[in-house]
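This report refers to the structure that appears directly beneath it.
Throughout, read-outs are computed from the coordinates displayed, never taken from laboratory work. It should be emphasised that the depicted structure is a prediction, and the values quoted were computed from it without experimental measurement. Cβ atoms come from the backbone with ideal geometry, glycine included; neighbour counts cover every protein chain shown.
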2 protein chains.
Amino acid sequence: MALPKQSEDFPAWYQQVVRTAELAENSLARGTMVIRPYGYALWEAIQAGVDRRIKQTGHSNVYFPMLIPQSLLDKEADHVEGFAPEVAVVTHGGGQKLEEPLIVRPTSETIIWATYAKWIQSYRDLPLLLNQWANVVRWEMRTRLFLRTTEFLWQEGHTAHETSEEALKEARMILMDVYKAAVEEDFAIPVLTGRKSAAERFPGAIATFAIEALMRDGKALQSGTSHYLGQNFAKAYGVEFLGRDGGTHNPYATSWGVSTRLVGGLIMAHGDDRGLQLPPRLAPFQVVIVPIYRDAERTRVMEGVDKIAESLSGIRMKIDDREEHRPGYKFNEWELKGVPLRLEVGPRDLDGEVVTASRRDLPAKESKSTIALSELATEVPKLLEGIQASMFRSAQEFRDEHTFRPSSYGELSEILRDARGFVEAPWCSNPDCEAKVKDETKATIRVLPMDPEEPGANCIVCGNKADENAVWAQAY
Amino acid sequence: MALPKQSEDFPAWYQQVVRTAELAENSLARGTMVIRPYGYALWEAIQAGVDRRIKQTGHSNVYFPMLIPQSLLDKEADHVEGFAPEVAVVTHGGGQKLEEPLIVRPTSETIIWATYAKWIQSYRDLPLLLNQWANVVRWEMRTRLFLRTTEFLWQEGHTAHETSEEALKEARMILMDVYKAAVEEDFAIPVLTGRKSAAERFPGAIATFAIEALMRDGKALQSGTSHYLGQNFAKAYGVEFLGRDGGTHNPYATSWGVSTRLVGGLIMAHGDDRGLQLPPRLAPFQVVIVPIYRDAERTRVMEGVDKIAESLSGIRMKIDDREEHRPGYKFNEWELKGVPLRLEVGPRDLDGEVVTASRRDLPAKESKSTIALSELATEVPKLLEGIQASMFRSAQEFRDEHTFRPSSYGELSEILRDARGFVEAPWCSNPDCEAKVKDETKATIRVLPMDPEEPGANCIVCGNKADENAVWAQAY
């Protein structure tokens, strides 16, 4: 059960953490996974925060079918080119060969816009602000638990608007007020926001916006995307509305999603050599209470534990009263599982009317403190807030230390080849320069920042005049 | 937009309500549906109540893959016989023909028990109490929105136990404490509980328990099932554990589910000629506020409405301030959509410091009352509770009036042919008698009641000695 060190073999560390913390495991069909109770509880907490923000910003949830007639996919040229190679196809149903094969949704723009053609008649029907939580299937060549699986769970928002300005504003609002807010506030992970370059855009989009987070191995994880689709889908699926001007128009679209991939991001952004490290807002258990006693003291200690648990109402809590394991074993297990705060309760603690608290986010020797029983109800929530804030600060410091502004192409390519983090540098907007970096370092442009600083004078790759700064990194 | 009368054409009434209340509509792939925002909000409220009860009774949520290798289905003989004819099959993925076809789960016993073989080693791993919320696909011949669709949403619980007693207890507990409780308390629909006859059992089950609700056309709707699976799946998938006695044993299984079919039940159990009638605990909007004014009074009335809305915090509420529709139009629309309580606010109401309240569950002339503004915060929750309770009573009275205890086979078959409701009568347990009733009336045995009364002496069909009472009805 010993974990490989992060610094020595990050991929092996990741696999082991996912397995031993009982988050997920591979299943039988190629590239599929089972999400186990502890991993699914994390996903439920993530969903709750994202869903709340989606509703607060005026969206409603719906459900569109998973099976889509194949001919529907063919209507938007870029979209079919992007997704056709990845789809799973149902050819038989009810013991019969189907007249037309059905694809399992890889994303739902096609079925949704074919339906919007019925729902959108007038400007009064706009904006249409819908979202669904669903499973999707994409036939991926190389899969990894949570990060890239044949089937994954996600939410996909699909909106329709009268004007391009309004649709663009929506796409940006989702990125900032829903995705950035959720990942920074709930996950305690700072993110970069920005546009994608043409090469990295969603198939069928005019602009793709993304949040990018830095993992502890120096690679970036695209953690959420929001697309401005212009009128491409409206035209492909014949969606027209009667405008305020009495004329007929095609609405403007957005789509946006985050997925179970976020669980992978949480693991890799905060985890350490001891295992997971979960932010209190998402942790299935915010507090674990470990009773410590010899046989004769059991009753007294467990009575104390019950009282402590009572005083912590509203806190998600686990009492680990397993008799078959010693406290040290339990400490290791809950550290591996990333529980933010451990409370140890022994006879001496009870004598002193205190508990010993241990924070998961601090090194062992700084992690301990003593809390008076009478102050638990106020101190524990305060400690949890402190942990949430300090985890964010740590992640931000890590990112700052791993963000580089090289002055030469040689320096840039060396940093990127080593996957040392984000690299920000001026770019001329020429896809050839982008491709050259990718060929030579495997790194891609993660974002063109939303509020760019003035770019340096010259493209770091070719030396021609730069248009803007780009942020590169190797990525998952 | 006029609804057909329930009494004249119930199926047409149902279709129209689903369509005009904007709950759902047919989609493109055969038998699939789109669940629209109002319908999905209902499903979310249903889910919340069921999920809470599932967790309170000690279960955790998980997620198993939707795609299952075909060979896995073949391992449990009854199960494959029941489901093989209904499955959708993925034969191609990523542009290639698959080596082994994958089935889209019609239910997940197969993949789950194949996985439990890894998770269950010792009696310490038991009981294993897991549940998932998922979509499933069954190729149905005749489909109807919510009631029977090719794809539907559900939860499926799958548990493993040391002993048959414990598994049977679990299957019954789920039926009573989760399903019956949710449907009676949240839906305000009384249900019958009991065992299914052998002919109506889940493929692979030893006993199937069900809740059955009566719809307003006199037909029954099976609204949830809980199965005791014995050791069938454990044996088929090689699941063994080391027992307390040091020996090797197969665990005992249960599985249980409720689905989006419940939305159909809600519509048909409470709806009337004016449309939907939603119980306050599930209604997406518990209260709709309709301002009533002439132009000059608008500002004053809307200020009053805002204050009223403020005093109703915690109530799910809609303010219908659309300018393009008159109050009468709005009244009809929200009655169609089943909102439990309407508050009308006009200048005269504000003069008198009152609002006019109108209950959806009472006939128009009894439905109105006046509430002082100062008492809204206490009166509205009280009224909503009253509506919840009165809807349950109405449904129970309806069921009592439509439950029959005939004394002859002729009487029984006449009632069943007319689909007048539930019929309780003694049965000899012979499947031939059951089949005869079905052939002659289309009715099936819905349940063999959980706490049976002493049966009458003789089977109502054949006249031989009766074993127990059975409840028959035509069913969806």
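What the table shows:
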quantity: Average other protein chain Cβ within 10 Å of Cβ, residues B:95-103; calculated: 4
quantity: Most positive-pole-ward Cα, B:THR208, A:SER407, A:GLY204, against dipole of the protein assembly as shown from beta carbon charges; calculated: A:GLY204
quantity: Whole-Å distance, taken between Cα centres, linking the stretch B:338-360 and the stretch A:205-223; calculated: 51 Å
quantity: Estimated dipole of the stretch B:287-383 in Debye, rounded to 20 [Cβ of Lys and Arg +1, of Asp and Glu -1, Cα centre]; calculated: 340 debye
quantity: Distances in nm from A:LYS465 to the matching label points in the other copies, shortest first (labels 7 Å along Cα to Cβ); calculated: 10.3
quantity: Inter-label distance for B:SER122 and A:LYS365, nm, one decimal - labels placed 7 Å from Cα along Cα-to-Cβ; calculated: 3.7 nm
quantity: Using a 7 Å Cα-to-Cβ projection, B:LEU242 label spacings across copies, nm, ascending; calculated: 7.6
quantity: Number of partner chain Cβ atoms within 10 Å, mean per residue of B:63-73; calculated: 6
quantity: Cross-link pairs A:LYS318/A:LYS368; A:LYS75/A:LYS118; A:LYS219/A:LYS382; B:LYS55/B:LYS382; B:LYS55/B:LYS180; A:LYS75/A:LYS169 - those with Cα-Cα distance over 22 Å; calculated: A:LYS219/A:LYS382; B:LYS55/B:LYS382; A:LYS75/A:LYS169
quantity: Separation in nanometres of the label points that stand 7 Å from Cα toward Cβ, at B:ARG19 and A:THR20; calculated: 6.1 nm
quantity: J(HN,Hα) series, the stretch B:298-305, from Karplus relation 6.51 cos²θ - 1.76 cosθ + 1.60, nearest Hz, glycine and proline x; calculated: 3, 4, 4, 5, 5, 5, x, 4
quantity: The stretch A:171-262: relative contact order in percent, alpha carbon pairs under 8 Å with at least 6 residues between; calculated: 25 percent
quantity: Estimated vicinal HN-Hα couplings, Hz - the stretch B:67-82 in sequence order (Karplus 6.51, -1.76, 1.60; Gly, Pro = x); calculated: 9, 10, x, 4, 4, 5, 5, 6, 7, 10, 4, 5, 4, 5, 4, x
quantity: Value of relative contact order over the stretch A:287-383, rounded to a whole percent, pairs C-alpha under 8 Å and six or more apart; calculated: 32 percent
quantity: Sorted by Cβ neighbour density within 10 Å, fewest at the top, the residues B:TYR252, B:TYR476, B:TYR63; calculated: B:TYR476, B:TYR63, B:TYR252
quantity: Label-point separation, B:SER311 to A:ARG294 (7 Å along Cα→Cβ), nm; calculated: 6.6 nm
quantity: Relative exposure of B:LYS368, A:LYS318, B:LYS196, judged by other C-beta atoms within 10 Å (fewest first); calculated: B:LYS368, A:LYS318, B:LYS196
quantity: Long-range HN-HN contacts of B:GLY194 with modeled amide H, under 5 Å; calculated: B:ALA210, B:MET450
quantity: Directionally averaged projected area (convex hull, Cα atoms, the stretch A:287-383), nm²; calculated: 5.9 nm²
quantity: Ranked list, fewest to most other Cβ atoms within 10 Å of each Cβ, for A:SER60, B:SER313; calculated: B:SER313, A:SER60
quantity: Whole-Hz couplings from phi, Karplus 6.51/-1.76/1.60, listed for the stretch B:363-380; x for Gly and Pro; calculated: x, 3, 6, 9, 7, 9, 8, 10, 10, 5, 4, 5, 10, 4, 4, 9, 6, 5
quantity: Under-5 Å amide H pairs with B:GLY338, H placed in peptide plane, nonlocal only; calculated: B:LEU276
quantity: Those residues of the stretch A:35-75 whose amide nitrogen sits under 13 Å from the label point placed on A:MET173, 7 Å along Cα→Cβ; calculated: A:54-60
quantity: Partner chain coverage, peptide B:23-29 - average Cβ within 10 angstrom; calculated: 6
quantity: For B:THR370, label point 7 Å along C-beta direction: distances to other copies, nm; calculated: 6.8
quantity: FRET efficiency, 1/(1 + (r/R0)^6) with R0 56 Å, evaluated for A:ALA199 and B:TYR329 via beta carbons; calculated: 0.60
quantity: Value of relative contact order over chain B, rounded to a whole percent, pairs C-alpha under 8 Å and six or more apart; calculated: 14 percent
